[in-house]
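> Once you've had a glance at the structure underneath, I'll fire off some questions.
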Amino acid sequence: MKTKSAIFIILLILFTHASYAQAIKTPNGFQLRTGVNLALWLSQSENRGLEREQYILESDIENISSMGFDHIRLPIDEVQFWDDNGKIQTDAFKLLHNAIGWSLKRNLRVIVDLHIIRSHYFNAESNALWTDPKEQDKLVGLWEQLSRELKKYPTDFIAYELMNEAVADDNND
């Protein structure tokens, strides 16, 4: 129950402040104006191997920057970054680090969005995350691993979206 409450409070803080992200400069200098969502690459895609590796290239990030955008949003899915046993998929993390590095090189900020996890998807009939403490602990564990991976990047450069479209099981709530 403590974990569920903590997740709720964190998400509440994030969502109540999200609408101000473009208007307020944070103390660490993270400010967003106009960005691009890099969908169907590290999220909502069955592509693996060379096809996934070549889906987004450094030249794409260069083009995004040259068009005047100041950030990218990188949705990532649990199934691409961790196997069924929770083992990190290093090839996916390599692609994530590549995209972040290319963005840093061009002064583009990055939002890493844990878009879909096995226990929660906004369109699913049931989301075990809200009722199963093991799944709640698992989400915390995923973010602990992600934060260890991404802590080397400057805080005025990278932000995190803890969950995409958090919804209750009953859409009338």
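Each reported figure results from applying straightforward, stated rules to the coordinates on display, with no laboratory input. Predicted, not measured: the structure shown is a model, and the values here were computed from it. No Cβ is skipped: glycine too gets one built from the backbone with ideal geometry, and neighbour counts run over all protein chains shown.
> Report the gain in length on full extension from Asn37 to Asp84: 0.36 nm times residue separation, minus Cα-Cα distance, nm rounded to one decimal.
Stretched out fully, the Asn37 to Asp84 stretch lengthens by 14.3 nm.
> Also, I was wondering about something else. Can you bin every Cα-Cα distance in region 31-173 into 5 Å intervals starting at zero and give me the percent of pairs per bin, rounded to whole numbers?
All Cα pairs considered, the percentages come to 2, 9, 19, 21, 19, 14, 9, 4, 1, 0.
> Using a basic spin-label model with each label point 7 Å from the Cα along Cα→Cβ, how many nm lie between Asp70 and Ala124?
Each label point lies 7 Å from its Cα, and together they span 3.6 nm.
> Something else about it: Regarding region 71-110, what is the average projected area of its C-alpha convex hull, in nm²?
The Cα convex hull of region 71-110, projected and averaged over all directions, gives 2.6 nm².
> Net charge around Trp82, counting only other residues with Cβ within less than 10 Å of its Cβ (Lys, Arg = +1; Asp, Glu = -1)?
Cβ neighbours under 10 Å give a net charge of -1.
> Net charge around Gly101, counting only other residues with Cβ within less than 12 Å of its Cβ (Lys, Arg = +1; Asp, Glu = -1)?
+3
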